[in-house]
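Undergrad: One structure, as structure tokens, below. Some questions next.
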Number of protein chains: 4
Amino acid sequence: MQQERRPLGRPRQDHKGKPTKNIILDVATRLFLEQGYQVVSMDDVAKKCGVTKATVYYYYKTKADLFTDAMVQMMIRIRKRIFDILSADKPLKERLLEFAKAHLQATVGIDIKGFMKEAKNSLSSEQLQQMKETEDKMYEVLEQALINAMEKGEIPKSHPQLGAHSFVALLTVGNYKDADQHPIFPSLDEMAKQIVDFYWNGLGN
Amino acid sequence: MQQERRPLGRPRQDHKGKPTKNIILDVATRLFLEQGYQVVSMDDVAKKCGVTKATVYYYYKTKADLFTDAMVQMMIRIRKRIFDILSADKPLKERLLEFAKAHLQATVGIDIKGFMKEAKNSLSSEQLQQMKETEDKMYEVLEQALINAMEKGEIPKSHPQLGAHSFVALLTVGNYKDADQHPIFPSLDEMAKQIVDFYWNGLGN
Amino acid sequence: MQQERRPLGRPRQDHKGKPTKNIILDVATRLFLEQGYQVVSMDDVAKKCGVTKATVYYYYKTKADLFTDAMVQMMIRIRKRIFDILSADKPLKERLLEFAKAHLQATVGIDIKGFMKEAKNSLSSEQLQQMKETEDKMYEVLEQALINAMEKGEIPKSHPQLGAHSFVALLTVGNYKDADQHPIFPSLDEMAKQIVDFYWNGLGN
Amino acid sequence: MQQERRPLGRPRQDHKGKPTKNIILDVATRLFLEQGYQVVSMDDVAKKCGVTKATVYYYYKTKADLFTDAMVQMMIRIRKRIFDILSADKPLKERLLEFAKAHLQATVGIDIKGFMKEAKNSLSSEQLQQMKETEDKMYEVLEQALINAMEKGEIPKSHPQLGAHSFVALLTVGNYKDADQHPIFPSLDEMAKQIVDFYWNGLGN
DNA sequence: GATGAATGAGGCTTCATTCAT
DNA sequence: CATGAATGAAGCCTCATTCAT
């Protein structure tokens with residue numbers, strides 16, 4: 001239950017102690033996020049884990065299963081982190097700023113839509129459904145925070161679902177780099193601040 | 001060893017009007033947008049075109065070439081459409097609304113970032129660069145419209161690049177559907193209006 | 001999308017004795033020698049082995065790998081046989097005669113030069129180097145026998161490397177057949193004798 | 001992408017006045033000798049000639065035809081050169097030395113045996129026969145020179161066919177390079193001299 | 001003469017998946 | 001638990017060849 005606290009810096013290759021199934025899931029998550037569903041092969045996962053393909057299949061019946069589990073678990077973890085950040089006893093704007101910073105620091109941009117399009121032909125409808133539902137729950141956390149803020153009069157009443165999705169959509173702007181690899185703002189903090197300011201205006205404040 | 005005679009060669013000119021190369025490019029564009037780079041096979045493209053794989057390779061030396069050309073040409077077309085819409089002699093907000101409607105009507109969400117991540121290991125750096133540059137030019141059209149509006153005092157001065165990317169990012173919200181396949185707003189027009197309103201506030205108006 | 005169930009997987013152990021990898025290597029060696037690198041396809045090899053292409057790739061990552069291993073192992077075997085023949089306690093000329101007979105009986109003419117030219121664009125430089133070195137070691141065995149004979153005064157002192165290569169070159173004459181399929185001498189033994197006599201003179205005896 | 005750009009400024013090989021068919025044959029000969037039958041494609045030949053594949057097919061009905069013609073014409077040219085060299089009014093040994101030098105200077109080692117093995121599955125039996133016959137005629141020139149020398153008492157009487165083939169076989173030693181790319185003798189002239197000396201002894205002189 | 005367009009066949013390689021051990 | 005061995009399917013790409021123009 002207790003999520004291990006990640007020290008700052010890179011996650012290392014060091015799979016000591018962890019049960020094999022967890023190693024596989026972690027490695028798979030990272031690979032899928034970095035390269036996409038199709039490009040990552042079961043053998044890639046196995047090799048990075050230091051086991052054989054057959055072992056991966058021992059834990060996950062199909063690649064689609066592994067992918068679904070990886071994405072779902074990841075979204076659950078993200079939801080928890082979002083929840084923690086948004087539960088702090090601070091003004092909403094400050095909480096959103098922290099949310100933005102955390103999201104932009106994550107090396108991977110979580111583009112569920114993109115992943116779903118790529119995998120849509122390979123996943124069963126149950127699996128797609130399961131991912132969709134987990135994704136929805138992620139957004140609900142943010143929605144709820146907006147609803148609470150509206151009820152407390154911290155922000156004007158408006159469509160909370162639109163608000164939640166807009167915020168996450170705006171965050172993707174932070175990952176943009178132009179043809180010369182320059183991001184829109186040089187520092188992550190500046191980027192986060194600008195996005196939140198823009199968003200805050202958009203909410204009607 | 002005897003060679004068998006086979007009925008090969010150029011079939012009688014089958015003039016349906018469009019040159020084969022264009023057919024291929026159009027079909028490929030559609031398939032790539034719908035399913036992503038990896039999932040679409042050269043054979044898929046060929047079959048949908050009613051030609052053989054070899055014919056596709058006659059016009060495009062590699063799958064990466066076909067993909068790059070498809071994406072670049074598409075972005076050029078989109079840029080033209082954006083330019084036309086934004087060149088109208090109307091208040092900016094109305095032009096943006098039209099932009100939004102047009103974009104949401106297009107069956108495809110143009111998620112260049114997602115495509116690039118998926119294809120990044122398959123494309124040459126020249127190809128990636130070419131796509132990036134074309135993408136930048138797309139955004140520049142919107143940026144320029146924002147700059148003009150700022151100079152005319154139609155909107156407050158702010159970071160036009162951020163503004164351009166934010167707008168496009170917000171549009172993606174329009175494609176969202178929840179686990180029950182419900183979009184955030186039932187009608188496209190309503191969706192577009194809400195997004196533009198939100199955006200308009202974000203610009204500081 | 002539903003995956004179909006297929007009856008794949010490891011078939012019941014079909015122990016004919018030789019491990020599959022050895023079968024593949026042996027068959028590949030024979031095919032490459034008979035037909036050359038380019039003409040032999042991985043599928044040819046697989047079919048002659050009674051396995052599928054994928055099985056061949058399970059043991060050899062590329063065709064070039066399979067070829068290199070096949071040629072190297074073969075040259076090592078040949079070197080051993082040459083060594084055995086030349087190690088006998090007999091006059092050099094008799095040993096050379098036996099060498100010649102053995103070589104002419106072998107169905108394959110070992111034309112490393114030819115193989116290398118054909119494969120040179122397909123092999124990595126490491127692979128070419130490995131083959132070259134193994135080839136050199138083959139010749140060294142014959143060189144050493146010549147050096148020993150020179151030291152014992154059995155033949156006049158001369159350039160042993162030239163001597164070794166000349167002998168092998170002369171042996172290729174034995175495989176010549178004219179347009180009517182007639183060899184130069186009707187019997188192998190006669191052919192061998194004539195070549196060795198010619199060679200023996202050439203050495204200056 | 002546009003790929004026109006044909007009309008002006010093509011830095012192509014300058015095949016001046018020669019008729020197209022000759023250009024094709026010359027280019028094909030060179031390519032086949034350098035790389036072998038299988039590796040050279042009709043398109044390779046066409047491109048090096050500055051024409052299209054269809055043009056090559058206009059002159060040669062099949063690749064096997066082109067190959068056969070190329071090889072046969074080449075062997076005829078070689079036969080002429082051998083004939084010229086061997087017709088000089090000099091002692092046989094000197095003529096052989098010149099033969100050897102000329103052969104070793106030619107960039108390509110003419111290994112008909114190797115070519116035939118590689119092409120054997122692709123050529124018709126008529127084509128194989130034709131090449132064989134032309135090859136035989138090449139050797140006959142040398143045979144005849146040996147016969148004449150025997151009749152003049154310049155060399156002992158022996159089997160002229162064996163003598164001819166042995167000489168050509170020995171010449172291949174001149175092209176050998178070890179794993180470090182060192183030939184047996186550093187200079188071509190020295191190599192030729194050593195080979196001819198060895199051969200001369202072999203003839204029984 | 002020469003070419004542009006097209007094709008069927010086939011070659012190399014990868015991959016998800018299976019199953020006996 | 002874990003793996004080694006195997007496979008069918010499919011994907012990318014090349015090539016000899018053909019034929020209308």
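The values are calculated or read from the model by the stated rules, or taken from the named source; none is laboratory data. Bear in mind that the values here come from a model prediction, so they are computed numbers and not experimental data. Neighbour counts are summed over all protein chains in view; Cβ atoms, including those assigned to glycine, are modelled from backbone coordinates with ideal geometry. We work out accessible area using only protein heavy atoms, side chains counted, and drop any ligands, DNA or RNA first. Shrake-Rupley method; radii C 1.70, N 1.55, O 1.52, S 1.80 Å.
Undergrad: With the condition kept exactly as written, say whether any residue in region B:36-43 is outside the structural domain of residue B:145 (by TED's automatic domain parsing), under 13 Å from the mean Cα position of the chain (by Cα) and within 16 Å of DNA strand E (Cβ to nearest atom).
TA: Restricting attention to region B:36-43, the residues satisfying the condition of being outside the structural domain of residue B:145 (by TED's automatic domain parsing) are B:36-43.
Pick out the ones that are also under 13 Å from the mean Cα position of the chain (by Cα) and you get B:36.
Okay, now just the ones that are also within 16 Å of DNA strand E (Cβ to nearest atom), so B:36.
Yes, region B:36-43 contains at least one residue that is outside the structural domain of residue B:145 (by TED's automatic domain parsing), under 13 Å from the mean Cα position of the chain (by Cα) and within 16 Å of DNA strand E (Cβ to nearest atom).
Undergrad: Kindly provide the set of residues from region D:94-113 that are of a type in the set (S, T, N, Q) and assigned to a loop (DSSP other than H, G, I, E, B), ordered by number.
TA: Selection gives D:107 alone.
Undergrad: Could you tell me which residue of region A:145-167 is nearest to residue B:176 (Cα to Cα), considering only residues that are not hydrophobic (A, V, I, L, M, F, W, C) and not in a loop (DSSP other than H, G, I, E, B)?
TA: My answer is A:165.
Undergrad: Checking residue D:189 against (1) farther than 16 Å from residue C:169 by Cα; (2) free of Cβ contacts under 8 Å to residues at least 60 places away in the same chain; (3) in contact with a helix residue (DSSP H, G or I) (Cβ under 8 Å, 6 or more places away or on another chain), which single condition isn't satisfied?
TA: (2)
Undergrad: Restricting attention to region C:125-133, does a residue exist that is at pLDDT below 90 and among the acidic types (Asp, Glu)? Reasoning before the result, please.
TA: So the first thing to find is which residues in region C:125-133 are at pLDDT below 90, and the list is none.
Checking region C:125-133: not a single residue is at pLDDT below 90 and among the acidic types (Asp, Glu).
Undergrad: If we keep just the residues of region D:60-80 that are more than 16 Å from DNA strand F (Cβ to nearest atom) and surrounded by fewer than 15 Cβ atoms within 10 Å (Cβ to Cβ), which is farthest from residue D:25 (Cα to Cα)? Break it down stepwise before answering.
TA: We begin by selecting, within region D:60-80, every residue more than 16 Å from DNA strand F (Cβ to nearest atom); these are D:72-80.
Then keep just the ones that are surrounded by fewer than 15 Cβ atoms within 10 Å (Cβ to Cβ); that gives D:76-77, D:80.
Values: D:76: 14, D:77: 13, D:80: 18 Å.
Filtering region D:60-80 for residues that are more than 16 Å from DNA strand F (Cβ to nearest atom) and surrounded by fewer than 15 Cβ atoms within 10 Å (Cβ to Cβ), the one farthest from residue D:25 (Cα to Cα) comes out as D:80.
Undergrad: What do you reckon, is residue C:123 in contact (Cβ under 8 Å) with a residue 40 or more places away in the chain, assigned to a loop (DSSP other than H, G, I, E, B) and under 20 Å from the mean Cα position of the chain (by Cα)?
TA: Numbers: in contact (Cβ under 8 Å) with a residue 40 or more places away in the chain: yes; assigned to a loop (DSSP other than H, G, I, E, B): yes; under 20 Å from the mean Cα position of the chain (by Cα): yes.
Taking the combined requirement at face value, the residue satisfies it.
Undergrad: Got a sec? Which of B:117, B:137, B:113, B:101 is out of contact with any strand residue (DSSP E or B) (no Cβ under 9 Å at 6 or more places or on another chain), in contact (Cβ under 8 Å) with a residue 24 or more places away in the chain and at the interface with another protein chain (Cβ under 10 Å from one of its Cβ atoms)? Show your work before the answer.
TA: Values: B:117 fails: in contact (Cβ under 8 Å) with a residue 24 or more places away in the chain; B:113 fails: in contact (Cβ under 8 Å) with a residue 24 or more places away in the chain; B:101 fails: at the interface with another protein chain (Cβ under 10 Å from one of its Cβ atoms).
Answer to the check: B:137.
Undergrad: Mind listing whichever residues of region C:145-159 are open to solvent by 20 Å² or more (accessible area, probe 1.4 Å), touching a residue at least 24 places away in the same chain (Cβ under 8 Å) and more than 12 Å from every other protein chain (Cβ to nearest Cβ)?
TA: C:154
Undergrad: Test each condition in (1) within 15 Å of the chain's Cα centre (by Cα); (2) over 30 Å from residue A:157 (Cα atoms) for residue B:151 and report the one that comes out false.
TA: Result: residue B:151 fails condition (1) only.
Undergrad: Of everything in region B:26-44 that's of a type in the set (A, V, I, L, M) and farther than 12 Å from residue B:70 by Cβ, which residue is most open to solvent (accessible area, probe 1.4 Å)?
TA: Of all residues in region B:26-44, those of a type in the set (A, V, I, L, M) come to B:27-28, B:31, B:33, B:39-40, B:42.
Add one more test, that the residue is farther than 12 Å from residue B:70 by Cβ, and what stays is B:39, B:42.
Numbers: B:39: 32, B:42: 14 Å².
Among residues in region B:26-44 that are of a type in the set (A, V, I, L, M) and farther than 12 Å from residue B:70 by Cβ, the one most open to solvent (accessible area, probe 1.4 Å) is B:39.
Undergrad: Which residue out of C:127, C:181 is of a type outside the set (A, V, I, L, M, F, W, C) and touching a Ser or Thr at 6+ places or on another chain (Cβ under 6 Å)?
TA: Going through C:127, C:181 in turn, the sole match is C:127.
Undergrad: Just a yes or no: is a residue in region B:45-59 surrounded by 18 or more Cβ atoms within 10 Å (Cβ to Cβ), more than 10 Å from DNA strand F (Cβ to nearest atom) and closer than 21 Å to residue B:128 by Cβ?
TA: no
Undergrad: Right, here's the next one. Taking only pairs six or more apart or across chains, which ones have beta-carbon atoms under 6 Å, a first residue in region C:43-57 that is more than 14 Å from chain D (Cβ to nearest Cβ) and of a type in the set (Lys, Arg), and a second residue that is part of a helix (DSSP H, G or I) and more than 8 Å from DNA strand F (Cβ to nearest atom)?
TA: C:48/C:27; C:53/C:42; C:53/C:43
Undergrad: Now a separate question. Considering only region D:26-44, state which residues are within 8 Å of DNA strand F (Cβ to nearest atom) and among the hydrophobic types (A, V, I, L, M, F, W, C).
TA: To start, the set of residues in region D:26-44 that are within 8 Å of DNA strand F (Cβ to nearest atom) comprises D:38-44.
The answer is D:39, D:40, D:42.
Undergrad: Shifting gears a bit: Scan region D:106-150 residue by residue and report those that are over 18 Å from residue D:35 (Cβ atoms) and among the polar types (S, T, N, Q).
TA: If the condition is that a residue be over 18 Å from residue D:35 (Cβ atoms) and among the polar types (S, T, N, Q), then D:124, D:125, D:127, D:129, D:130, D:134, D:144, D:148 are the ones that fit.
Undergrad: On to the next question. Please specify each residue of region A:168-202 satisfying the condition of being more than 7 Å from every other protein chain (Cβ to nearest Cβ), assigned to a loop (DSSP other than H, G, I, E, B) and buried (at least 21 other Cβ atoms within 10 Å of the Cβ).
TA: none
Undergrad: Of the residues C:106, C:119, which is of a type in the set (A, V, I, L, M) and surrounded by fewer than 19 Cβ atoms within 10 Å (Cβ to Cβ)?
TA: C:106
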